[in-house]
Amino acid sequence: MSEELFKKSFLTLFKEYCLISIGLLIYVMGWAVFLIPNNLVGGGASGLSAIIYYATGLKMGYSYLVINAILLIIGFRILGNSFGGKTIYAIIFASCMLNILPPAIPKDFIAEFAISNGKLICTILGGVMSGVGIGMAISQGGSTGGTDIIALIVCKFRNVSPGRLILAMDVAIILSSMFFPSYTETGELVPFPEKLATAVYGLILITVSGYAVDMYLSGSKQSVQIFIFSKRYAEIADAITVGLGRGVTVMPAKGWYTKNESHVLMVIARKTDLNIIMKYIKAIDPGAFLSVASVMGVFGQGFDTIKVKSEKKNKQISQ
């Protein structure tokens, strides 16, 4: 491997881990500021950890780490070494933050910013933050653990919504919280009617969180199709191929008004790469003509993987 290629690979990996870390911080902050102070319960490993914390006082980070151990081994075997490495980091990082951040945030800040606004507002804000955090981790090949790992395993073989899948699995966890004792930070036992209301808030929480996951992932994976008309098409094609690592298709064309022979470049890229491509084009040929359109889905090398139902299931459907 050349030094330049190694440097690029290292920087890409470093960027992925940084984004996973930022996502996990957002995720844990949602719990520490909005959810835990209100004795709210979510889904996944964090939801189970919250139930244990409210019942026993055991810090969420410890139970979160233990619960994810089995799922981590399963994910490591099915999704590969890269997924395993990133998720090991994500689980350890999130476990540490779940132990460090909740007691570190001033209680006056939480009382003013979260508790005083009511449980419904805290449920929505906490759900949005946890959903965005999960989405950032998943988009970089990592996971916050729990049902996220199961969702990634299923999504590897089926075109299903990860947010909806997480939502379906988390409902049982939310409802189970009503059968376990729950104590506030002052040691008071939460009465059953309030636990019932907490379960309702929990269902709202995972709905908001799942929707936030889908919105983030659909935005980060959105692709564009670009047609580039320029006399300096070869230089532009080289810049995009070498500088961005994206494929370029060169098609012969003829301007009907001028009757001049020319070439058109077609590029399919992530929407996040559009600004970089525009900079390349402007630097080489400011007078180039472009057509940019959003595409519904892109499958193949460098994009999404084609996933189809098994032949057995297709026969059952046809029957």
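The values are calculated or read from the model by the stated rules, or taken from the named source; none is laboratory data. Because the structure is predicted, anything quoted here is derived from the model rather than measured. Please note: Cβ atoms are built from the backbone with ideal geometry, for glycine as well, and neighbour counts cover all protein chains shown. Ligands, DNA and RNA are excluded from the accessible area calculation, which covers all protein heavy atoms including side chains. Shrake-Rupley method; radii C 1.70, N 1.55, O 1.52, S 1.80 Å.
Which condition number does Lys282 fail, the rest of (1) assigned to a loop (DSSP other than H, G, I, E, B); (2) at negative phi being met?
Just one mismatch for Lys282, condition (1).
Do you know which residues across the range 253-272 are within 40 Å of the chain's Cα centre (by Cα), of a type outside the set (Val, Ile, Thr) and either over 10 Å from Ile226 (Cβ atoms) or open to solvent by 60 Å² or more (accessible area, probe 1.4 Å) (or both)?
Passing the criteria: His263, Arg270, Lys271.
Six or more apart or on different chains, Cβ under 9 Å: which pairs go from a residue in the range 268-286 that's at pLDDT below 85 to one that's hydroxyl-bearing (Ser, Thr, Tyr) and surrounded by 14 or more Cβ atoms within 10 Å (Cβ to Cβ)? Could you list them?
Final answer for the pair search is Ala269/Ser223; Arg270/Ser220; Arg270/Ser223; Lys271/Ser220; Lys271/Ser223; Thr272/Ser220.
Can you tell me which residues in the range 40-65 are farther than 15 Å from Ile92 by Cβ and of a type in the set (Gly, Ala, Ser)?
Within the range 40-65, Gly42, Gly43, Gly44, Gly47, Ala50, Ala55, Gly57 qualify.
Do you know which residues across the range 102-150 are over 21 Å from the mean Cα position of the chain (by Cα) and assigned to a loop (DSSP other than H, G, I, E, B)?
Matches in the range 102-150: Ile105, Pro106, Ala114, Gly118.
Quickly run through the range 170-193 and pick out the residues that are touching a residue at least 40 places away in the same chain (Cβ under 8 Å), open to solvent by 60 Å² or more (accessible area, probe 1.4 Å) and among the charged types (D, E, K, R).
Correct list: Glu185 only.
Counting only residues that are within 28 Å of Val132 (Cα to Cα) and not in a helix (DSSP H, G or I), how many does the range 190-232 have?
Here the count works out to 5.
Gly187 - would you say it is closer than 22 Å to Gly57 by Cβ and assigned to a loop (DSSP other than H, G, I, E, B)?
For Gly187, the condition - closer than 22 Å to Gly57 by Cβ and assigned to a loop (DSSP other than H, G, I, E, B) - is met.
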